[in-house]
1. Inspect the range 196-204 for any residue being outside the structural domain of PRO337 (by TED's automatic domain parsing), crowded, with 17+ Cβ neighbours inside 10 Å and touching a Pro at 6+ places or on another chain (Cβ under 7 Å) and give the result as yes or no.
2. Find the strands (runs of 3 or more DSSP E) located wholly in the range 14-101 whose residues include 2 or more that are open to solvent by less than 70 Å² (accessible area, probe 1.4 Å) and not assigned by TED's automatic domain parsing to the domain that holds ALA149, and list them.
3. Please verify whether the range 334-348 includes one or more residues that are open to solvent by less than 10 Å² (accessible area, probe 1.4 Å), in contact with a helix residue (DSSP H, G or I) (Cβ under 9 Å, 6 or more places away or on another chain) and farther than 27 Å from GLY169 by Cβ.
4. Out of all the residues in the range 226-257, which are at pLDDT below 90 and open to solvent by 40 Å² or more (accessible area, probe 1.4 Å)?
5. If HIS297 passes every condition in (1) out of contact with any Leu (no Cβ under 9 Å at 6 or more places or on another chain); (2) away from the ligand (no atom under 16 Å from the Cβ) but one, which one does it miss?
6. Which pairs turn up if I take residues in the range 303-322 that are in contact (Cβ under 8 Å) with a residue 40 or more places away in the chain and open to solvent by 40 Å² or more (accessible area, probe 1.4 Å) and look for partners that are away from the ligand (no atom under 14 Å from the Cβ) and among the basic types (Lys, Arg) with beta carbon separation below 9 Å, at least 6 apart in sequence or on another chain?
7. Just checking, how many residues over the range 152-178 are away from the ligand (no atom under 16 Å from the Cβ) and within 24 Å of the chain's Cα centre (by Cα)?
8. Could you tell me how many of the residues in the range 317-351 are within 11 Å of the ligand (Cβ to nearest atom) and either in contact with a Lys or Arg (Cβ under 8 Å, 6 or more places away or on another chain) or among the hydroxyl-bearing types (Ser, Thr, Tyr) (or both)?
Amino acid sequence: MTTETISQDQTLLEDLRAARPLLWTNPARSDAAEVQTVVDGRVISLADSIEAQDRFLRFAPLLAQLFPELRETSGRIESGLHRVPAMQRALGLAPARGALWVKADHGLPVAGSIKARGGIHEVLEFAESLALENGLITRESDYATLAQAPARELFARYEVAVGSTGNLGLSIGVMAAALGFRATVHMSADAKEWKKTRLRARGVNVVEHEGDYAEAVAAGRRQADQDPYCYFVDDERSLSLMLGYSAAALHLREQFDAAGIVVDADHPLFVYLPCGVGGAPAGIAFGLRQIYGAHVHAFFAEPTQSPCFLVEMLSPGKSVYDYGLDNRTEADGLAVPRASELAAEAMAPILSGDYTVADDTLFLDLHRLRVSEGMQVEPSAAAGFSGPRMLTGSDAGRSWLADTGLAATLPNATHLVWTTGGLFVPPEAYAAFAERGAAIAAAADDDLAR
Ligand SMILES: *Cc1c(COP(=O)(O)O)cnc(C)c1O
């Protein structure tokens with residue numbers, strides 16, 4: 001190791017401990033066209049993502065029946081892909097450094113967040129396996145029959161439980177209840193009140209915990225262990241969740257093809273993914289890597305007070321508390337003290353980097369996105385917008401772009417910001433977010449004018 005890299009590492013650790021925004025690039029990332037991804041001792045591949053996508057398709061007729069908002073898409077739960085030139089200007093990203101796009105998971109129906117992908121997939125997989133075991137369907141059946149009495153009586157005997165900071169509980173609670181399961185969501189102290197209210201209105205049992213996300217998960221796991229009729233969705237360990245998320249890559253490929261977006265050696269793709277426990281961004285990064293090989297560069301975005309994934313990459317098994325951080329952030333979807341080891345294991349050779357964002361910047365970008373593009377996202381979902389700035393505007397980013405040779409291809413680059421939640425934020429709550437962001441923007445303008 002050179003003295004230079006040692007001092008860079010030193011600066012990074014100081015920034016991490018001081019909760020200053022930073023960019024870390026992954027020295028262990030592989031440039032190989034194909035990397036083997038091992039999760040829990042199992043090799044996973046694109047075939048697994050396709051299987052998850054096929055499962056969503058089998059359930060589509062049933063979902064169209066259960067959720068009126070899905071009739072238009074025949075039961076498909078998907079989001080738009082948008083070019084956002086006004087936001088690109090607001091962020092000061094010069095066109096010579098690539099084009100800014102948004103993958104709009106903040107508008108995903110049913111769950112209102114990216115959790116519609118993983119969380120709903122796991123509930124569907126559980127329901128499907130029960131129905132298959134009990135001879136109610138074959139894989140070729142019309143799954144709309146699962147809305148009828150025999151299936152509902154079967155599902156009613158089971159409980160689906162999960163620990164959540166809010167959004168995962170929303171997706172799992174809503175889908176489990178709609179299928180006829182009993183549903184229990186263990187909420188951490190960070191969970192917003194409106195998310196609990198929304199769930200209770202659907203007949204979901206919401207258990208409130210004083211502790212953080214890791215404690216809510218542990219409590220749920222303990223309860224489920226004692227009850228053979230309780231199925232626990234384990235966000236820290238679930239392969240089904242990750243594969244549900246990964247199917248997003250297949251749909252994105254169709255959208256890229258339709259939009260004429262090319263990803264190859266001369267046209268790199270940078271994807272900026274807000275990260276909590278790591279399952280969602282890891283699933284998507286894995287899926288994209290299977291499709292586009294080393295030409296896709298996934299960067300995870302975390303709050304400065306909750307960078308659990310970065311901590312896990314630097315020192316496995318540690319939590320953000322070990323670095324003197326408090327895990328307090330308005331980005332409730334990302335307020336996670338300890339990352340999923342499963343996700344970290346899968347990402348070791350795939351992840352290009354991880355950066356952290358201060359809460360004020362989340363609100364500022366939330367405000368900019370509203371003003372420039374009229375898109376409403378929750379604070380967690382604004383974390384991606386710091387990515388292009390971190391990559392092209394920081395010393396760490398610029399030296400990485402130079403070292404990898406990517407600097408030369410930047411004019412052809414696609415910067416894809418994954419906006420991960422927002423649809424169901426109540427108007428009053430959103431207005432308060434936007435107001436906070438506008439005040440930060442005004443203060444920044446004052447500083448410039450001075
Ligand atoms: C859950 C969530 C994420 C991140 O997903 P993880 O699997 O926890 O990493 C990002 N944004 C929002 C809005 C979320 O709810």
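The values are calculated or read from the model by the stated rules, or taken from the named source; none is laboratory data. Predicted, not measured: the structure shown is a model, and the values here were computed from it. Cβ coordinates were reconstructed from backbone atoms using ideal geometry, including for glycine residues, and neighbour counts include every protein chain displayed. For accessibility, only protein heavy atoms count, side chains too; no ligands or nucleic acids. Shrake-Rupley method; radii C 1.70, N 1.55, O 1.52, S 1.80 Å.
1. Looking for residues that are outside the structural domain of PRO337 (by TED's automatic domain parsing), crowded, with 17+ Cβ neighbours inside 10 Å and touching a Pro at 6+ places or on another chain (Cβ under 7 Å), one finds none in the range 196-204, hence no.
2. Hits in the range 14-101: 23-25, 37-39.
3. no
4. ARG237 - this is the single residue of the range 226-257 that is at pLDDT below 90 and open to solvent by 40 Å² or more (accessible area, probe 1.4 Å).
5. (1)
6. GLN305/ARG328
7. Taking the range 152-178 as the starting set, the residues that turn out to be away from the ligand (no atom under 16 Å from the Cβ) are 152-161, 176-178.
Now restrict to residues that are within 24 Å of the chain's Cα centre (by Cα): 160-161, 176-178.
Residues flagged as away from the ligand (no atom under 16 Å from the Cβ) and within 24 Å of the chain's Cα centre (by Cα) within the range 152-178 amount to 5.
8. The number of residues fulfilling the criteria is 4.
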